[in-house]
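Here the structure is laid out as structure tokens; the discussion comes afterwards.
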Amino acid sequence: MPKLLKKHRLAFLILFLALAVFAFFFSRFWPNKMLQRYLAVGMGTFYFFWGLITHVKSTKITSDIVFEYLAMSMLAVLLLILITL
Amino acid sequence: MPRVRKKYSAKSRYRPKKKISFKDYLNNLFLPGKKNRYRPQLLHPETLMVLSFVVLGGFSLFNAIRFFPSLADKILGFASNIDVNRVLVATNEERARLGLEPLQINEKLNQAALAKAQHMFSEQYWAHSSPEGVQPWNFIKNAGYVYKYAGENLARDFDSTGEMMVAWMNSPTHKENVINPNFTQIGLAVVNGTLSGFNTTLVVQMFAAPGAVEFKQSASKESYTLPAPADSSVGEIPTENIEIDVVESDLAKVGELGMVEGERSVSGRILFSPIYLTKTFFLLVVVLIILTLIYDAFISKNRRYQRVVGQNFAHIMLFLTVGFLLILFRGGTIIP
């Protein structure tokens with residue numbers, strides 16, 4: 001794991017910052033649930049493209065990986081949207 | 001003598017079925033190996049999609065309880081622990097921070113607040129103005145209160161008074177009402193009921209400053225057109241003599257401080273709050289995924305599997321964030 005972190009240091013830093021910013025604004029926007037939903041969709045979209053770009057840069061990408069990131073993003077977004085309903 | 005191998009056609013009813021034990025099933029689900037292409041089945045995109053449907057199904061099931069009112073009352077109860085006395089104290093504390101005079105409870109405003117809450121339940125809407133155009137000011141007027149300034153704050157489904165006050169103070173328009181120096185009196189109502197099929201606790205705050213007019217308790221049909229307020233929840237009328245209809249409400253239950261508290265839940269106590277039930281279910285899903293990702297990373301590293309899959313660490317970061325937000329998530333809605 002440390003080797004992986006070292007290799008993709010910048011990518012993980014970007015992801016960490018993006019998730020931290022997202023978490024901050026998601027809490028800050030409460031109780032405006034509509035804004036929270038938009039934010040959740042934005043976060044899911046970002047994560048999906050972050051995964052693709054990171055893998056494309058490391059020249060290791062397959063359809064399985066694309067679908068894996070898509071499914072992970074969708075599940076995360078679904079959980080956050082449903083909790084705001 | 002050569003061994004004869006039995007052959008079974010594809011359509012043979014005697015084709016032996018390979019039994020998968022529960023242990024094999026769990027191994028396949030959580031342990032990376034040859035059978036699942038060195039990735040736990042749970043982390044495969046198709047399984048994640050199935051899991052999404054399970055999440056959706058579980059959520060729908062919790063909400064389906066609302067179609068069985070007696071069951072919903074027994075199992076879910078009402079989610080709110082909001083107390084009218086605390087709402088008044090918290091409101092006046094916010095005003096005291098700015099050096100403003102505390103608001104005084106007014107019985108007519110209490111009646112207006114209760115009438116508004118009950119109107120929302122009976123007409124099934126959640127807004128400052130009803131679909132037929134009934135304004136908050138109409139309830140104040142009907143309670144026999146003549147105002148110079150008036151305002152309304154609404155909230156629903158908050159777990160506690162503190163959370164509700166934080167939400168109001170985070171909203172500029174609601175905060176404006178709470179700390180408006182023009183307001184001197186307040187009416188409060190906390191009412192439980194069913195809104196769009198959901199057990200809901202509505203909180204209504206009616207703020208006002210009395211106008212210098214005389215009341216005339218008559219059944220006069222004189223029209224009374226209130227000016228459209230600049231803000232949807234704040235109104236002002238000129239102080240002049242106006243004849244109004246006074247409607248005595250017999251719906252109020254007056255509490256210790258003369259504030260109105262609506263009917264409580266049937267069960268009298270909360271067995272499971274809907275929001276906590278949903279949160280617990282979702283958190284279980286998140287924990288399951290995180291633990292599977294950690295286990296997968298650990299096993300694949302120890303067994304030195306060479307595979308091309310998504311970044312486990314990134315997925316863990318994502319679901320830790322989701323789990324963190326689910327834990328911190330608070331219910332409650334206010335109208336912007």
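None of the figures in this text is laboratory data; all of them are computed from the coordinates on show. What you see is a predicted model, and the numbers here were worked out from it, not measured in a lab. Quick reminder, even Gly has a Cβ in these numbers, built from the backbone with ideal geometry, and neighbours come from all protein chains shown.
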message: Given axes a ≥ b ≥ c from the Cα gyration tensor, I'd like to know whether the range A:2-83 is rounded (a/c under 1.5), prolate (a/b larger than b/c) or oblate.
response: oblate
message: Less than 14 Å Cβ to Cβ from A:Leu82, Lys/Arg counted +1 and Asp/Glu -1: what total charge do the surrounding residues give?
response: +3
field: Pair A:Phe16, B:Ile299: separation of 7 Å Cα→Cβ label points (nm)
entry: 2.9 nm
message: Can you give me the distance in nm between label points at A:Phe67 and B:Arg307, each placed 7 Å from the Cα along the Cα-to-Cβ direction?
response: 1.5 nm
statement: Exposure-ranked with fewest Cβ neighbours within 10 Å first, A:Asp64, B:Asp159 stand as A:Asp64, B:Asp159
- prompt: Lysine pairs, Cα distance under 23 Å, 8 or more residues apart or cross-chain: how many in the range A:2-83?
  reply: 6
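Per residue of B:315-328, what is the mean number of Cβ atoms on other protein chains within 10 angstrom of that residue's Cβ?
For this peptide, the per-residue mean of nearby foreign Cβ atoms is 6.
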query: By how many nm would the segment from B:Glu93 to B:Leu291 lengthen if fully extended, with 0.36 nm per residue of separation less the alpha-carbon distance?
result: 66.8 nm
- prompt: If you rank B:Glu46, A:Glu68 by fewest surrounding Cβ atoms within 10 Å, what's the result?
  reply: B:Glu46, A:Glu68
- line: Stretched fully, the stretch from B:Asn182 through B:Gln124 gains (0.36 nm per residue minus C-alpha distance, one decimal, in nm) 17.7 nm
task: Would you mind giving the mean number of other chain beta-carbons within 10 Å of the Cβ of each residue in B:118-124, as a whole number?
output: 0
query: Which of rounded, prolate, oblate describes the range B:115-164, given a ≥ b ≥ c as roots of the alpha-carbon gyration tensor eigenvalues and a/c under 1.5 marking rounded, otherwise prolate only if a/b is larger than b/c?
result: oblate
- prompt: Sorted from fewest to most neighbouring beta carbons within 10 Å, what does the list B:Ser160, B:Ser122 look like?
  reply: B:Ser122, B:Ser160
task: Rank by packing, highest mean first: peptides B:317-324, B:83-90, with packing defined as the count of other Cβ atoms within 10 Å averaged across residues.
output: B:317-324, B:83-90
- prompt: Quick one: if the Förster radius is 25 Å, what FRET efficiency do A:Leu52 and A:Lys6 give, using the C-beta to C-beta distance and rounding to 0.05?
  reply: 0.70
- request: Show that you can apply the helix-only estimate: for chain A, add -39,500 (n - 2.57) for every DSSP H stretch of four or more residues, divide by all residues, and state [θ] at 222 nm to the nearest 500.
  value: -29000 deg cm²/dmol
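Which whole number gives the average count of other chain Cβ atoms within 10 Å of the Cβ atoms across peptide A:61-73?
Rounded to a whole number, the mean comes out at 5.
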message: Suppose R0 equals 41 Å. What FRET efficiency, 1/(1 + (r/R0)^6) with r the Cβ-Cβ distance, do B:Phe324 and B:Leu100 give to the nearest 0.05?
response: 0.65
query: Roughly how many Å is it from the Cα centre of the range B:170-213 to that of the range B:90-142, as a whole number?
result: 4 Å
